[in-house]
Amino acid sequence: MAAKKIELVEPIPDWFGKRLVALSLAEPRGRHLLYGNPRTWITNADGAVYAVENIDVIKRFLDALIRDEHGANIDGGASIVQELSLADTMQLKDALFDFFTEAERAILAKKSTPSSLTSKSSPSTPPTP
């Protein structure tokens, strides 16, 4: 997976002398899993599935993975989030979640053989009924 580029809805006019019109989010690696999962999937008694976001985990991932639009490190990645609009923050969070969804799909595709068609889920994607 490649880094995800996020075009800012509201650019940051001056981030330490630099105008930011886009950010990128680097792909999480194995070492980042020590942070935990950015969201936990819950199934209630009625069978409805919903996600609970783990804000502290999301912050750690963003701090480690936010880059400028060219892929260069931004010191204190999560601190830049405080300067972003709500829309831009939501875009970053969605990009982080997408990495987990794509990884889960790749795992499931690899496991999809006629002998292993059982439905499984992981903490990063919703359980399948």
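Read-outs throughout are calculated quantities, based only on the coordinates presented, and are distinct from any laboratory measurement. Because the structure is predicted, anything quoted here is derived from the model rather than measured. Quick reminder, even Gly has a Cβ in these numbers, built from the backbone with ideal geometry, and neighbours come from all protein chains shown.
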Taking the convex hull of the Cα atoms, report for region 24-112 its projected area averaged over all directions, in nm².
7.5 nm²
Rounded to the nearest 0.05, FRET efficiency between Arg29 and Glu83 (Cβ-Cβ, R0 22 Å) equals 0.25
Using DSSP to call loops (not H, G, I, E or B), can you name the trypsin sites (Lys or Arg not before Pro) in region 1-84 whose Cβ has at most 12 other Cβ atoms within 10 angstrom?
Arg29
Under 5 Å between amide H atoms, partner at least 5 residues away or on a different chain: which partners does Ser85 have, H built in plane at 1.01 Å?
Glu10
Rounded to whole Å and ordered largest first, report the semi-axes of the equivalent ellipsoid of region 7-57 derived from its Cα gyration tensor (root of 5λ).
34, 16, 9
By what distance, in whole Å, do the Cα atoms of region 37-77 stretch along each of the three principal axes, largest value first?
46, 18, 9
Extension reserve of the Ala3-Asn44 stretch, reckoned as 0.36 nm per residue once the Cα distance is removed:
11.3 nm
